[in-house]
Amino acid sequence: NRGVGSAVNIQGNPDLEPETNIAYQAGVQHLFSRDISGQFSVFFKDIYGLITARQKPNDPDQTRYYTNGDYASARGFEASLIKSFSHKFSAEVNYTFQIATGVASDPRAAQQFITGGGLYLPISEQPVDWDRRSSLSVQGVIRDAGKWELRMLWVYGAGFPFTPTFGNERRPDPKLGNSRRQPSNSNLTLDGDKYFRIWGQNV
């Protein structure tokens, strides 16, 4: 029984089409010196055929099923500066700015409207769950070959979006979807090696 009252709320669909991504990217690389180079690129991606849930037309049971109906897009730029290994160290800095928006992040997002829990379906693109606007990474290596080595990686990421909830709201307003931002976060990783000569072997 795949009716509206069954435990399976959304029916599968063997006729789903593959998601379609159309992406464009243009970049330039420049060698500043023998061991320092840079890169800058811009990108744009359209995503069509994202899976969503809808009610089957002309179905007295109002069965819900998965179908291709949502869309999303991403655009931004990337910049990096790289120093290849010389003078006992190497380093790399990468920065990405991105805006990722779409009709919905979850195929079950429309279920809230179908069951009466939402005011209306979104009619414009909103930030999707993976819309991290800025990310920065810095990594470096300091090495004295055969003696010691130290590695460092620092990653910073702006906060992901989230939808605020309020105690007195009966049905969430779709305009507030992913309208707030979580705090940013960063992570620092340090590790190293020290080599010793013991009984003729490097340890």
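Could you pull out the residue among 79, 72, 53 that is at negative phi and in contact with a Leu (Cβ under 9 Å, 6 or more places away or on another chain)?
Unique residue meeting the criteria: 72.
Checking residue 15 against (1) surrounded by 15 or more Cβ atoms within 10 Å (Cβ to Cβ); (2) free of Cβ contacts under 8 Å to residues at least 60 places away in the same chain, which single condition isn't satisfied?
Status for residue 15: all satisfied but (1).
Looking at the range 156-192 only, could you name the residues that are open to solvent by 60 Å² or more (accessible area, probe 1.4 Å) and in a strand (DSSP E or B)?
156, 162, 180, 181, 185, 186, 187, 188, 189, 190, 191
What are the pairs with Cβ atoms under 7 angstrom where one residue, in the range 140-162, is without any contact (Cβ under 8 Å) to a residue 24 or more places away in the chain and the other, located anywhere, is open to solvent by 80 Å² or more (accessible area, probe 1.4 Å)? Sequence gap at least six, or different chains.
Pairs that qualify, where the first residue is without any contact (Cβ under 8 Å) to a residue 24 or more places away in the chain and the partner is open to solvent by 80 Å² or more (accessible area, probe 1.4 Å), are 162/180; 162/182.
Restricting attention to the range 131-150, which residues are open to solvent by less than 60 Å² (accessible area, probe 1.4 Å), in contact with a strand residue (DSSP E or B) (Cβ under 9 Å, 6 or more places away or on another chain), part of a strand (DSSP E or B) and closer than 18 Å to residue 193 by Cα?
Listed by number, the residues that qualify are 140, 141, 149.
List the number of the failed condition for residue 45; all other conditions in (1) within 21 Å of the chain's Cα centre (by Cα); (2) open to solvent by less than 40 Å² (accessible area, probe 1.4 Å); (3) of a type outside the set (Phe, Trp, Tyr); (4) within 19 Å of residue 125 (Cβ to Cβ) hold.
Only one criterion is unmet by residue 45, namely (2).
The values are calculated or read from the model by the stated rules, or taken from the named source; none is laboratory data. In this text the structure is predicted, and so the values were computed from the model without any measurement. Virtual Cβ from ideal backbone geometry, glycine too; neighbours counted across all protein chains shown. What goes into the accessible areas is simple: the full protein's heavy atoms, side chains included, and nothing from ligands, DNA or RNA. Shrake-Rupley method; radii C 1.70, N 1.55, O 1.52, S 1.80 Å.
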